[in-house]
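The values are calculated or read from the model by the stated rules, or taken from the named source; none is laboratory data. Nothing here was measured: the structure is a model prediction, and the numbers come from that model. Note: ideal-geometry Cβ built from the backbone for every residue, glycine included; neighbour counts use all protein chains shown. What goes into the accessible areas is simple: the full protein's heavy atoms, side chains included, and nothing from ligands, DNA or RNA. Shrake-Rupley method; radii C 1.70, N 1.55, O 1.52, S 1.80 Å.
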Amino acid sequence: MTQIIDGKRIAQEIKDEQKRQAELLREAGKEVALAVIQVGEDPASTVYVNNKKKACAYIGIRSLSYELPEDTSEAELLALIEELNEDDEVNGILVQLPLPPQINADRVIRAISPKKDVDGFHPENVGKLAIGEPGFVSCTPAGIIQLLKRSGIRIEGAHCVIIGRSNIVGKPMALLMLRENATVTVTHSKTKNLKEICREADILIAALGKPQFITSEYVREGAVVIDVGIHRDADNKLCGDVKYDEVSPHTSAITPVPGGVGPMTIAMLMNNCIEAVLM
Ligand code: NAD
């Protein structure tokens, strides 16, 4: 029987734990505050930003909203970040990506104080992850580790194959899996024999951003499959990088889309906000 990994339930469990943590912090006189910056009105970004604010409200984290016009200059955005870096009442700073073309996202990420970088994208935090020091970790990969652990899936010694090497998902995922003592293979668009390599995985993590690309030919019987992709299919229904109906009967555990990895990303962002207060 395939175990369907219920990200929605696990994320809710974590948010309830965080609610209690935030309460304890408030009792100790510490309030958690997250500054959320959105430039422009990209509809997908607006949905993500609103979901983050909703999660803050549920847990008891104060969210400060900065909605800047589409034509905001890089200098204006950097000035706001500088101001928030200096503000002792702000623990976390989040700039919703993507940014309009006149703004260089790398410069923006580097401008955020590493101590307030709750997305875990700053090179200092990425470096800390690489050498095994505590720091903020990118939320989606951190959420996948929690999904696996809270579903009773053993990571230590498992062969984990990751499809995708982005700075936000694939690379930090590989570093986290190494930290958990998995044997890790990272594959990407130039990988040869992708199917054969994927079929060697005990845990297969699909983060390539191609709708329903992963068919049962990529999956060893009994493997665990984690689907990071989010897309709309021809009927406008949400789907992932994995052809779920075809693949799931061959797995021992699998995440659905929606309701798998997605809800965990926000839960981990909330974790980082709480940690920011304790730093
Ligand atoms: P990206 O486009 O930055 O990276 C995709 C990676 O996949 C690249 O490293 C590329 O080399 C690799 N790739 C592309 N085609 C491939 C192929 N045919 N074979 C093997 N490798 C291939 O994407 P990303 O930001 O890492 O996101 C990946 C997916 O995850 C997207 O669908 C994105 O929407 C989704 N995502 C979901 C969440 C969430 O919270 N659930 C968070 C972030 C990203």
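General observations
- Residue match in segment 137-160 (condition: under 30 Å from CYS273 (Cβ atoms), more than 10 Å from the ligand (Cβ to nearest atom), in a helix (DSSP H, G or I) and in contact with a Ser or Thr (Cβ under 9 Å, 6 or more places away or on another chain)): yes
- Subset of segment 253-279 [over 14 Å from GLY7 (Cα atoms) and either surrounded by fewer than 24 Cβ atoms within 10 Å (Cβ to Cβ) or away from the ligand (no atom under 12 Å from the Cβ) (or both)]: MET270, ASN271, ASN272, CYS273, ILE274, GLU275, ALA276, VAL277, LEU278, MET279
- Condition met for ILE10 (of a type in the set (A, V, I, L, M), under 23 Å from MET264 (Cβ atoms) and not in a loop (DSSP other than H, G, I, E, B)): yes
- Any hit, segment 60-74, residues being surrounded by 19 or more Cβ atoms within 10 Å (Cβ to Cβ) and touching a residue at least 40 places away in the same chain (Cβ under 8 Å): yes
- GLU133 of a type in the set (Asp, Glu), touching a residue at least 24 places away in the same chain (Cβ under 8 Å) and open to solvent by 50 Å² or more (accessible area, probe 1.4 Å): no
- Residues that are in contact with an Asp or Glu (Cβ under 6 Å, 6 or more places away or on another chain) and hydrophobic (A, V, I, L, M, F, W, C), drawn from segment 137-181: ILE155, ALA158
- Residue within segment 201-217 that is buried (at least 23 other Cβ atoms within 10 Å of the Cβ) and over 30 Å from GLU133 (Cβ atoms) present: yes
- Among the residues of segment 42-59, those that are exposed (fewer than 14 other Cβ atoms within 10 Å of the Cβ) and at pLDDT 95 or above comprise ASN50, LYS54, ALA57.
- Taking the conditions (1) within 9 Å of the ligand (Cβ to nearest atom); (2) over 30 Å from LYS54 (Cα atoms); (3) of a type in the set (A, V, I, L, M) in turn, ALA223 satisfies each one other than (1).
- Considering segment 139-157, the residues that are among the small types (Gly, Ala, Ser) and touching a residue at least 24 places away in the same chain (Cβ under 8 Å) include one that is surrounded by the fewest Cβ atoms within 10 Å (Cβ to Cβ), namely GLY157.
- A Cβ distance below 6 Å, combined with a sequence gap of six or more or placement on separate chains, defines the contacts here; from segment 203-215, residues that are more than 6 Å from the ligand (Cβ to nearest atom) reach residues that are part of a strand (DSSP E or B) and not hydrophobic (A, V, I, L, M, F, W, C) in the pairs ALA206/ASP227; PRO211/HIS231.
- Listed by position, the helices (runs of 4 or more DSSP H) contained in segment 34-119 that have at least 1 residues being within 14 Å of CYS273 (Cα to Cα) and basic (Lys, Arg) are 43-59.
- Which listed residue, of THR185, THR191, is closer than 24 Å to GLY152 by Cα, within 14 Å of the ligand (Cβ to nearest atom), open to solvent by less than 80 Å² (accessible area, probe 1.4 Å) and modelled with pLDDT of 95 or more: THR185
- Positions within segment 107-128 being more than 22 Å from LYS52 (Cβ to Cβ) and either within 19 Å of the chain's Cα centre (by Cα) or of a type in the set (Ser, Thr, Tyr) (or both), in sequence order: PRO123, GLU124, GLY127, LYS128
- Residue in segment 230-252 that is within 14 Å of the chain's Cα centre (by Cα), within 14 Å of the ligand (Cβ to nearest atom) and open to solvent by 10 Å² or more (accessible area, probe 1.4 Å) present: yes
- Residue ID - farthest from LEU278 (Cα to Cα), chosen from residues in segment 24-33 that are in a helix (DSSP H, G or I) and open to solvent by 70 Å² or more (accessible area, probe 1.4 Å): GLU27
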